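Below: one structure, written as structure tokens.
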Amino acid sequence: MNLSSVIACAKLLKGSSDPRVLEQACGILRNLSTNNMAAGQICNEGAVEAITALLKNEDAKVVEQAAGTLRNTCKRKQRPSSSYSAGRSVATSD
């Protein structure tokens, strides 16, 4: 996966106040955040703070995209450990 899209969108979120730019950048990150590597990169780029701030935006479309991005990012970042333990049977000795 090419993570340069995550980096570019994170920069847009931090540097723009245009609601359409914010909506589109969050929408891209929302789609990318369904991938574990991209979700990790979103966190590494410091975009979570910028996305969280957008939850207070006046534009409902921006808020919707921001909330979806956070949901996907959190879900993906938690999945490896939870699916790993849920998918394995634990051997017990009698």
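Among the residues of region 48-70, none qualifies, meaning not one is modelled with pLDDT of 90 or more, in contact with a helix residue (DSSP H, G or I) (Cβ under 7 Å, 6 or more places away or on another chain), of a type in the set (Asp, Glu) and buried (at least 16 other Cβ atoms within 10 Å of the Cβ). So, Arg79, is that one modelled with pLDDT under 95, part of a helix (DSSP H, G or I) and at negative phi or not? Yes.
The values are calculated or read from the model by the stated rules, or taken from the named source; none is laboratory data. Given the structure is predicted, the values throughout are model-derived calculations rather than measurements. All Cβ positions, even for glycine, are placed from backbone atoms using ideal geometry, and neighbour counts span all protein chains on display.
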